[in-house]
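Enquirer: Once you've had a glance at the structure underneath, I'll fire off some questions.
The values are calculated or read from the model by the stated rules, or taken from the named source; none is laboratory data. Just so you know, these numbers come straight off a predicted model, no measurement behind them. Cβ: placed from backbone, ideal geometry, glycine included. Neighbour counts: every protein chain shown. These accessible areas exclude ligands, DNA and RNA; they are computed on the full protein's heavy atoms, side chains included. Shrake-Rupley method; radii C 1.70, N 1.55, O 1.52, S 1.80 Å.
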Amino acid sequence: MRKLLWIMFGMVIASSCEMSKDGDADFVTDVVGTGGSTARFAIYGDFLYVVDNTSINVFDISDVEDPFYQTSVDVGWGIETIYGYKDNLFIGSQTGMFIYSIQNNGAPVYLSDYIHQTSCDPVIANDEYAYVTTRSGENCGTRLFEANQLITLDVTDLTNPFATSEQQMINPRGLCFFRGDLFVAEGNNGLKQFSLEDPSNPTLIQYFEDIAANDMIALENTMIITRDEGIYQFGFENNDLFLLSPIE
């Protein structure tokens, strides 16, 4: 039964991840799956990291036939997403973004945080900047004010992240890097493409109002988009997205 459950979990990972060895993978130091910004699990080397509402749970998967729970690290409340880049975990929560190092044999070690208004909060990052969307909604802890923003954070010093720009959005959800630009999902309101020519202050260059999107996984020449109706694969040509295939 234990093996069966693990195989089923592996199928879930495979269905939402693309194996990669290049620098666009979530963790560029190892071969891992590339997940979306709203993912609740990530893989680094011999470890699987899974977030629940309050913690990062660490599983040793060095023996794929006999994975085991290793430890849990308390982060806070309202933990929603996990994004891995190099030897760090970027945790999105309803209260802010948290950065943990996993350089020490895979064990999460707190580095810093950036606190914002209570809201839903996916995050992605590269060497210099982290990009966070905050969203109002019934399940996002925001009823008295609007918190719909794209926030850019300077993370060159991982122990001291700070905001370099805040831009008003409609109701943003997931986000991803694709072909040198930043794409931000606006749910049923569409998908926005931002130039990162100035990475400290992304500039809107295209708005795909007819492409509903909750989250995206960017591959080399295609983008997998999840939305309420299912999963869709889009190609990108002549600065335009076009539908390749739906999985409704």
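Enquirer: Give 46, 60 a once-over and let me know the one that is over 30 Å from residue 115 (Cα atoms), open to solvent by 40 Å² or more (accessible area, probe 1.4 Å) and modelled with pLDDT of 90 or more. Break it down into steps so the answer makes sense when it comes.
Expert: Details: 60 fails: open to solvent by 40 Å² or more (accessible area, probe 1.4 Å).
Result of the check over 46, 60: 46.
Enquirer: Shifting gears a bit: Hey, among 134, 71, which residue is in a strand (DSSP E or B), open to solvent by less than 10 Å² (accessible area, probe 1.4 Å), out of contact with any Phe, Trp or Tyr (no Cβ under 8 Å at 6 or more places or on another chain) and not aliphatic (A, V, I, L, M)?
Expert: Values: 71 fails: open to solvent by less than 10 Å² (accessible area, probe 1.4 Å).
After ruling out the rest, the residue left standing is 134.
Enquirer: Would you be able to tell me the number of residues in region 97-113 that are crowded, with 22+ Cβ neighbours inside 10 Å and in contact (Cβ under 8 Å) with a residue 24 or more places away in the chain? Reasoning before the result, please.
Expert: Step one: filter region 97-113 for residues crowded, with 22+ Cβ neighbours inside 10 Å, giving 97-100, 102, 108.
After this cut, where a residue has to be in contact (Cβ under 8 Å) with a residue 24 or more places away in the chain as well, the list is 97, 99-100, 102, 108.
Summing the residues that are crowded, with 22+ Cβ neighbours inside 10 Å and in contact (Cβ under 8 Å) with a residue 24 or more places away in the chain in region 97-113 gives 5.
Enquirer: Here's a follow-up. Mind listing whichever residues of region 205-223 are touching a residue at least 24 places away in the same chain (Cβ under 8 Å) and not in a loop (DSSP other than H, G, I, E, B)?
Expert: Across region 205-223, the qualifying residues are 205, 206, 208, 213, 215, 216, 217, 218, 223.
Enquirer: Can you find a residue that is open to solvent by less than 30 Å² (accessible area, probe 1.4 Å), free of Cβ contacts under 8 Å to residues at least 24 places away in the same chain, in contact with a Pro (Cβ under 9 Å, 6 or more places away or on another chain) and not in a loop (DSSP other than H, G, I, E, B) anywhere in region 227-238?
Expert: Yes, region 227-238 contains at least one residue that is open to solvent by less than 30 Å² (accessible area, probe 1.4 Å), free of Cβ contacts under 8 Å to residues at least 24 places away in the same chain, in contact with a Pro (Cβ under 9 Å, 6 or more places away or on another chain) and not in a loop (DSSP other than H, G, I, E, B).
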